[in-house]
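Read-outs throughout are calculated quantities, based only on the coordinates presented, and are distinct from any laboratory measurement. Since we're looking at a predicted model, the values are computed, not measured. Glycine gets a Cβ as well: all are built from the backbone with ideal geometry, and neighbour counts include every protein chain shown.
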Amino acid sequence: MNTNDLRIFEAVALHSSFTRAAEAMFTVQSNVTARIRSLEEEFGTSLFERNAKKVALTPAGEVLMQYAKEITHLLDEAKREVKNIDVLTGSLKIGCIETTMALRVPTILHDFGAAYPHVELEFKSAMRPELVQDVHDYKLDAAFVSGPISISGLTQEIIHEEQLVILAHRKAASLSSELSRHAIPKIVVFDQGCVFRERLESLLSAKGIVQYKPIVVNSIEGIINFVEAGLGISILPEQIVSSYYAAREIKTFPLSKSLGTMTTVLISRSNRRPSKLMQVFIDMYKNQSKHSNVEQSI
């Protein structure tokens, strides 16, 4: 077995076809078939179930796939670090939730790009469950999510804490009056899987409110617009509101420490040490967050 065998194995699994895998690997189908047969002989088991329409991984193949992803990922990383020992280069794929994307990503992209022009830094915004899965599947190198988190195969590092606040339109006298304004309260939220939505629903549950109407939007700007129009309440980090929407026709209400404090952690695979590139990124991000918090307190 060699590393190219594993890449061919991954290609067959990805395309569910020996023919398409051969095209993707710029080789002939007979070579793909031979390499898979060699792997199956070496491991003493079938790795694919074959039928007339497509091929699919067997349970043994599923296990090997996790190791194959890890091995090829580590080899690629080793090549980058050894080849460019004196120059920081390569790529990082980082996941984050919507508010992190809006508040911190633009500055880190600018600063990191200026300091390390040979590094390709890519961000993906998504809900926490998708980000966790992408890190687990090696689609992302790391991701910023709400913590704490305890998932086998992943490790976490606390990055910062932020305070959440309830948002209502400017004329709201109090949170209680706003919740009682309609027979069925309305909340303006992201889709299922959003930590802010979970916190807001927990607040309603604690107040004995089991019936409410969610208005689902897909951006922070959308949340602000709907709340400003008096269509419902919402919840966001206080820093987002004070930094970008202080002049809007909205009012904020504080939350208890337990409900209103959100800890952001950086998750990554626990079976590999942070690369030099990843460590440099983490250090720069922490420094940016520290300076941002100091400016907010001044």
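For (1) loosely packed, with under 15 Cβ neighbours inside 10 Å; (2) in a loop (DSSP other than H, G, I, E, B); (3) not charged (D, E, K, R), each residue gets a yes or a no:
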position: 226; (1), (2), (3): no, no, yes
position: 230; (1), (2), (3): no, yes, yes
position: 234; (1), (2), (3): no, no, yes
position: 239; (1), (2), (3): no, no, yes
position: 242; (1), (2), (3): yes, no, yes
position: 247; (1), (2), (3): yes, yes, yes
position: 252; (1), (2), (3): no, no, yes
position: 258; (1), (2), (3): yes, no, yes
position: 262; (1), (2), (3): no, no, yes
Response to the item:
Picking from 91, 125, 46, the residue that is out of contact with any strand residue (DSSP E or B) (no Cβ under 8 Å at 6 or more places or on another chain) and of a type in the set (Ser, Thr, Tyr) would be 46
Worksheet item: Quick one: would you say residue 188 is in contact with a helix residue (DSSP H, G or I) (Cβ under 7 Å, 6 or more places away or on another chain) and either surrounded by fewer than 19 Cβ atoms within 10 Å (Cβ to Cβ) or among the polar types (S, T, N, Q) (or both)?
Response: no
Worksheet item: Can you tell me which residues in the range 165-183 are surrounded by fewer than 11 Cβ atoms within 10 Å (Cβ to Cβ) and closer than 13 Å to residue 209 by Cα?
Response: 183
Practice prompt. Looking only at the range 7-28, decide whether some residue is among the β-branched types (Val, Ile, Thr), surrounded by 17 or more Cβ atoms within 10 Å (Cβ to Cβ), touching a Phe, Trp or Tyr at 6+ places or on another chain (Cβ under 7 Å) and part of a helix (DSSP H, G or I).
Written response: yes
Worksheet entry | the range 150-181, residues that are over 18 Å from residue 199 (Cβ atoms), more than 20 Å from the chain's Cα centre (by Cα) and either aromatic (Phe, Trp, Tyr) or in a strand (DSSP E or B) (or both) | 169
